[in-house]
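Engineer: Before I ask anything, here is the structure I am working with.
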Amino acid sequence: MTFSLLHATDFADRLLYKIIPPLKAGMIVLADRYAYTAFTRDVTRGVDRQWVRELYSFAVKPDLALYFRVPIDVSVDRLLARRVKLKFYEAGMDLGWSSNPVESFRLFQGKVLEEYDRIVGEYELGVVDATGSITQQQRVVRDLVARHVESADTTREIPSEQSA
Amino acid sequence: MSSQPESPHDHGLVEGANGGIQPGGYYGRGIPYLPINGYPGKLIAIEGTDGVGRSTQIQLLREWLEVKGYGVVETGWTRSPLMQPTIELAKSSNTLNKLTFVLLYATDFADRLEKEIIPALKAGFVVLTDRYIFTALARAGVRGVDRPWLRTLYGFAIAPHLVFYLKIDVETLIGRVLESRGMDFWESGMDLKHGDDIYDSFRAYQNKLLREYSSMADEFHFRVVDARRSVVHIQDELRRQVGAFLEP
């Protein structure tokens, strides 16, 4: 719970200082992870699905949300190939599912991916196949973004933080 | 951002006459990984605005309960080791807004709930809590935060077995606060920018808080205690009611 609420606090702070002002100024805001991360990660940690969604009801709904989907094996291979030391919380070590970081990562992130599959439809996330090369992925992303930016209605009303 | 609730009635706290909420159970959706049914401990909340005499009453109540043989655990607002330094730091800077304020308090509460309150209830202690979620609901409500959202947020809180609301009028309160430590920035609601005068701001802010608490009295089954009386008088009443509850 504290994990979930601390992240929500940080998110609220960034939303109010870093996201809403540039939106009001008509700029494009690129967010590396958004509330969806909480919906998947916190639920995997045992937080109630509906509760966490309502917790984040103060968030601005993105005009476009992209989900880079990758199978768990590819994810593990990529991280290990770069000889990255898996982070304690990223590997879900706090849950005590396995004392082996790689095994724990596999179990934890596997569950996270299941939650992502659940929300793809719920929140209409645009899915990008992230097994392809960076160039291929970027082509898809630019195509999706271009369609959105060009069709965007720039006069729309920006909700304030009290739209909860 | 929220999607449709699974049914119209299964989110947040039940508003109005909440006959469905069991003392000792979760108000709302709870913490799925911490089932708390059937725990032997008792949760007693002492609520009331600043300077109403809560800590004195809790100290006396604790001594009395311990002499009677009960194990007592005390907890209080913003006392979690995880969050207290952060909350103090945030209050001392000017970066807090009402939303982050609410969420920091909720984090502190969640930490104490998981680490102090639930384990103590499991072990059969009487948990005395100096303020409870009603303080958060009142402060945020006064600041214009959406009330249904707040109730959903605190759906992971446990409904106390007893909630004592030490009720006072603003005149008496002003006298007491001035006699003791004086008015401070946050207790005077100076962040609400009612004006530069701390006295006027304190009065306006505490008045609003008192109205907010009163509006929750029925919803959360407050036992209202007249806090204008002497310490001994109030303590007698608390002991009588706690005694009747613990040893019927």
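Nothing in this text is a laboratory measurement; each read-out follows from the coordinates by a stated rule. A quick note: this is a predicted structure, and the numbers were derived from the prediction, not measured. Reconstructed Cβ throughout: ideal geometry from the backbone, glycine too, with neighbour counts over all protein chains shown.
Engineer: For the modelled label position 7 Å from the Cα of B:Lys115 along Cα-to-Cβ, which residues of region A:1-35 have backbone nitrogen atoms closer than 11 Å?
Structural biologist: A:2
Engineer: Once both axes come from the Cα atoms, what is the angle between helix A:101-122 and the longest principal axis of chain A, in degrees from 0 to 90, rounded to 10?
Structural biologist: On a 0 to 90 degree scale, this one is about 30.
Engineer: Moving to a separate point now. Could you tell me how many degrees, from 0 to 90 and to the nearest 10, lie between the Cα long axis of helix A:72-81 and the main elongation axis, the longest principal axis, of the Cα atoms of chain A?
Structural biologist: Taking the Cα atoms of chain A, the angle to A:72-81 is about 80 degrees.
Engineer: Now, a different point. For the charge dipole of chain B, defined by +1 on Lys and Arg C-beta atoms and -1 on Asp and Glu C-beta atoms about the Cα centroid, which residue among B:Val102, B:Gly24, B:Thr56 has the Cα displaced farthest towards the positive pole?
Structural biologist: It is B:Gly24, whose Cα lies furthest towards the positive end.
Engineer: Shifting gears a bit: Once the cut-off is 24 Å, how many percent of the Cα-Cα pairs in region B:42-246 end up in the long-distance tail?
Structural biologist: In whole percent, the long-distance tail amounts to 41.
Engineer: Please report, in debye to the nearest 20, how large the charge dipole of region B:42-246 is about its Cα centre when each Lys and Arg carries +1 at its beta carbon and each Asp and Glu carries -1 there.
Structural biologist: Using Cβ point charges on Lys, Arg, Asp and Glu, region B:42-246 gives about 420 debye.
Engineer: Still on this structure, please answer the following. Using Cβ contacts closer than 10 Å as the measure, can you line up B:Thr107, A:Thr135 from fewest to most?
Structural biologist: Fewest to most other Cβ atoms nearby, the residues stand as A:Thr135, B:Thr107.
Engineer: A further question follows. Rg and Dmax of region B:93-191, using alpha carbons, in Å: what are they?
Structural biologist: Calculated on Cα positions, Rg and Dmax stand at 15.6, 42 Å.
Engineer: Helix hunt in chain B: which complete DSSP H runs extend at least 18 Å axially by C-alpha with mean Kyte-Doolittle at least -0.5?
Structural biologist: Long hydrophobic helices here: B:54-67, B:98-112, B:231-246.
Engineer: What number do you get for region B:27-77 when its Cα radius of gyration is normalised by 2.2 N^0.38 Å, N = residues?
Structural biologist: 1.45
Engineer: Mind checking A:3-12 for the average number of partner chain beta-carbons within 10 Å of each residue's beta-carbon?
Structural biologist: The shielding value for this peptide is 6.
Engineer: Further question on the same structure: With springs only between Cα atoms under 10 Å apart, run a GNM on chain A and tell me which of A:Arg45, A:Arg139, A:Arg82 wobbles the most.
Structural biologist: Of A:Arg45, A:Arg139, A:Arg82, the most mobile in the Gaussian network model is A:Arg82.
Engineer: With the cut-off at 1.5 for a/c, could you classify region A:2-159 from its C-alpha gyration tensor as rounded, prolate or oblate?
Structural biologist: It is oblate, given that a/c is not under 1.5 and a/b is not larger than b/c.
Engineer: Let me ask you something else. Rounded to the nearest 20 debye, what is the charge dipole size of region A:2-159 about its Cα centre when +1 sits on each Lys and Arg Cβ and -1 on each Asp and Glu Cβ?
Structural biologist: So the dipole magnitude of region A:2-159 works out to roughly 460 debye.
Engineer: May I pose another question? Based only on other Cβ atoms within 10 Å, what is the fewest-to-most ordering of B:His194, A:His148?
Structural biologist: Fewest-to-most Cβ neighbours within 10 Å comes out as A:His148, B:His194.
Engineer: Continuing with this model, one more query. Within 10 Å of each residue's Cβ, count the other Cβ atoms and sort B:Lys167, A:Lys87, B:Lys42 from fewest upward.
Structural biologist: Fewest-to-most Cβ neighbours within 10 Å comes out as A:Lys87, B:Lys167, B:Lys42.
Engineer: Shifting gears a bit: Would you mind getting the Kirkwood hydrodynamic radius of the protein assembly as shown from its Cα pairs, rounded to one decimal in Å?
Structural biologist: 23.8
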